[in-house]
Amino acid sequence: MANSKDLISADVINEIKSKNDIVNYISSKQELFKHGKNYHGKCPVCGKLGSFVVYPKTNSFYCFACSLGGDIITYVMKTKNVDYKAAVSELASIAGITPPEINPMSNNLMRDAAMFYHSQLKTNSKAKSAINQLHAWGIKGKNIVQLGIGFHDNSFNCFIEYMTKQKSYTIAQLEEANLIAKSSRGNYCDKMRNSIIIPTIDSKGNVVCFDYYIMERTQLYKYPNSDNFVRSNHLYSFNLAVRSEKKSVIIVSSYEDYFKLLGLGITNVVATYLPRITIGQLDLLKKHFKVVMPFLPQYVNFSACNQYCRSNGMFCENIRLQGCDSPIGYLDKYGIDNILEKVAEFERIL
């Protein structure tokens, strides 16, 4: 498990360091005297006089007697006997920065990863097959941008290079976020190679997971459940469904079904990732919708969903497939008009 240092955004840490001058801070806690370009004093840990040196140019310190060294955060930790989070919070307050929360998934990291993948879809010459696949699923330009869909080619470490060198994240952070893989030889490489990358964005705009479709295998791989992400408590494209401002929401179970409906202009739709609807997902929907409309090939818990809706002042309207094996099959055979009429009717009533 990564520690607090690994879980705070690198951008936040860099801002806190830049706004806390190490000489000013340490000189407010102990006596320092200038010698050349650097400052000297008594080591706060071993007590040796003159061995403690503060380097303004690198915003760091070092004791030549006990080998204690580091940045301003390390100084606070060692002199106040506090952990990394507490030291960062103190320095953030001094600098007038809102103390950072420890977020295991690191919203900034996930956002930056999503932006990298999405930019690859737009600029990488190898993304043509991915774009063709998305078009085959029924979504194009505007929809692809709305969903933040991305791409990764078959290179082994372009993502790691970007995230560690240009964004200053650590390998530990990327591993904690389940975005890189470790080989049997102990080397790290990009995880989602030769893939269409499908992020889930929650109603607050945070990226919470990445599923990915490996094109050469025509196979979808799902982001793992963890202490920080539980699939049964999330819905794909819940954020766009909320932004539709409709009172009803259509529920499908697969990305392909979702893409088909979105491509036909319906935005009040979510996907469960599963062949059923969970209580956690219904709890999410309850906050924004009065009507849920299951549109699933094997809706095994319709009665449970109906009972939940009754108990929570909602209505459950099943969209029957009428002999078709999937929502896509239904839409190809019967079109979208019947579904649009149902949505319009609920909007009028509610």
Notebook entry, point to check: Just a yes or no: is a residue in segment 260-270 of a type outside the set (A, V, I, L, M), out of contact with any helix residue (DSSP H, G or I) (no Cβ under 7 Å at 6 or more places or on another chain), at negative phi and not in a loop (DSSP other than H, G, I, E, B)?
Noted result: no
Next item on the list: Check off (1) of a type outside the set (S, T, N, Q); (2) out of contact with any Leu (no Cβ under 7 Å at 6 or more places or on another chain); (3) more than 24 Å from residue 146 (Cα to Cα); (4) assigned to a helix (DSSP H, G or I) for residue 324 and give me the number that stays unchecked.
Entry: (4)
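Being closer than 16 Å to residue 158 by Cα and either out of contact with any Leu (no Cβ under 9 Å at 6 or more places or on another chain) or in contact (Cβ under 8 Å) with a residue 60 or more places away in the chain (or both) is the filter here, so list the residues in segment 122-143 that pass it. First the steps, then the outcome.
Of all residues in segment 122-143, those closer than 16 Å to residue 158 by Cα come to 122-127.
122, 123, 124, 125, 126 - these are the residues of segment 122-143 that are closer than 16 Å to residue 158 by Cα and either out of contact with any Leu (no Cβ under 9 Å at 6 or more places or on another chain) or in contact (Cβ under 8 Å) with a residue 60 or more places away in the chain (or both).
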Next item on the list: Identify, by number, the condition in (1) closer than 30 Å to residue 345 by Cβ; (2) open to solvent by 10 Å² or more (accessible area, probe 1.4 Å); (3) among the aromatic types (Phe, Trp, Tyr) that residue 221 doesn't meet.
Entry: (1)
Checklist line | Within segment 230-278, considering residues that are open to solvent by less than 20 Å² (accessible area, probe 1.4 Å) and of a type in the set (D, E, K, R), the one farthest from residue 317 (Cα to Cα) | finding: 231
Note to self: As an exercise: evaluate residue 322 against (1) closer than 30 Å to residue 218 by Cα; (2) surrounded by 13 or more Cβ atoms within 10 Å (Cβ to Cβ); (3) at pLDDT below 95; (4) touching a helix residue (DSSP H, G or I) at 6+ places or on another chain (Cβ under 9 Å) and give the number of the one condition it does not meet.
What the structure shows: (2)
Checklist line | Residue count for segment 319-350, restricted to those that are farther than 25 Å from residue 139 by Cα and touching a Cys at 6+ places or on another chain (Cβ under 9 Å) | finding: 0
Notebook entry, point to check: Residues in segment 176-188 that are surrounded by fewer than 20 Cβ atoms within 10 Å (Cβ to Cβ) and either of a type in the set (Ser, Thr, Tyr) or assigned to a helix (DSSP H, G or I) (or both): how many?
Noted result: 3
Note to self: So residue 25 ticks every box in (1) open to solvent by 30 Å² or more (accessible area, probe 1.4 Å); (2) in contact with a helix residue (DSSP H, G or I) (Cβ under 8 Å, 6 or more places away or on another chain); (3) not small (Gly, Ala, Ser) but one. Which box is left unticked?
What the structure shows: (1)
Notebook entry, point to check: Would you pick out the residues in segment 288-321 that are part of a helix (DSSP H, G or I) and of a type in the set (Lys, Arg)?
Noted result: 310
Item checked: Considering residues of segment 288-306 that are at pLDDT 90 or above and open to solvent by 60 Å² or more (accessible area, probe 1.4 Å) only, the residue nearest to residue 329 (Cα to Cα) -> 290
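Considering only segment 154-166, I want to know if a residue exists there that is polar (S, T, N, Q), at pLDDT 90 or above, open to solvent by 60 Å² or more (accessible area, probe 1.4 Å) and under 23 Å from residue 16 (Cβ atoms). Break it down stepwise before answering.
Applying the first criterion (polar (S, T, N, Q)) to segment 154-166 yields 154-155, 157, 164, 166.
Applying the additional criterion that residues be at pLDDT 90 or above yields 154-155, 157, 164, 166.
Now narrow it down to the ones that are open to solvent by 60 Å² or more (accessible area, probe 1.4 Å): 154, 157, 166.
With under 23 Å from residue 16 (Cβ atoms) added as a condition, the list becomes 166.
Looking for residues that are polar (S, T, N, Q), at pLDDT 90 or above, open to solvent by 60 Å² or more (accessible area, probe 1.4 Å) and under 23 Å from residue 16 (Cβ atoms), one finds at least one in segment 154-166, hence yes.
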Next item on the list: Could you tell me whether segment 238-246 includes any residue that is touching a Leu at 6+ places or on another chain (Cβ under 7 Å) and closer than 18 Å to residue 197 by Cα?
Entry: yes
Margin query: Pull out all pairs, ordered by first then second residue, where Cβ-Cβ is under 7 Å, the residues are six or more apart or on different chains, the first lies in segment 207-220 and is under 16 Å from residue 130 (Cα atoms), and the second is aromatic (Phe, Trp, Tyr) and assigned to a strand (DSSP E or B).
Written below: 211/221; 212/221; 214/221; 220/213
Notebook entry, point to check: Of the residues that make up segment 199-209, is at least one touching a Ser or Thr at 6+ places or on another chain (Cβ under 6 Å) and surrounded by 18 or more Cβ atoms within 10 Å (Cβ to Cβ)?
Noted result: yes
Item checked: Subset of segment 103-123 [open to solvent by 50 Å² or more (accessible area, probe 1.4 Å) and modelled with pLDDT under 90] -> 107
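Return the total of residues in segment 300-329 being aromatic (Phe, Trp, Tyr) and farther than 14 Å from residue 250 by Cα. So that I can check it myself, show each step before the final result.
Applying the first criterion (aromatic (Phe, Trp, Tyr)) to segment 300-329 yields 302, 308, 315.
Imposing the further condition that a residue be farther than 14 Å from residue 250 by Cα reduces the set to 308.
Here the count works out to 1.
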Note to self: Looking only at segment 300-336, how many residues end up being of a type in the set (Phe, Trp, Tyr) and over 33 Å from the mean Cα position of the chain (by Cα)?
What the structure shows: 2
Check: Name the pairs: first residue in segment 47-74 and farther than 18 Å from residue 87 by Cα and of a type in the set (D, E, K, R), second residue modelled with pLDDT of 90 or more and not in a loop (DSSP other than H, G, I, E, B), Cβ to Cβ under 9 Å, at least 6 apart or on different chains?
Finding: 48/42; 48/63; 57/38
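The values are calculated or read from the model by the stated rules, or taken from the named source; none is laboratory data. On a predicted model such as this, the values are computed, not experimentally measured, just so you know. Quick reminder, even Gly has a Cβ in these numbers, built from the backbone with ideal geometry, and neighbours come from all protein chains shown. Surface accessibility is based on the protein's heavy atoms, side chains included, excluding ligands, DNA and RNA. Shrake-Rupley method; radii C 1.70, N 1.55, O 1.52, S 1.80 Å.
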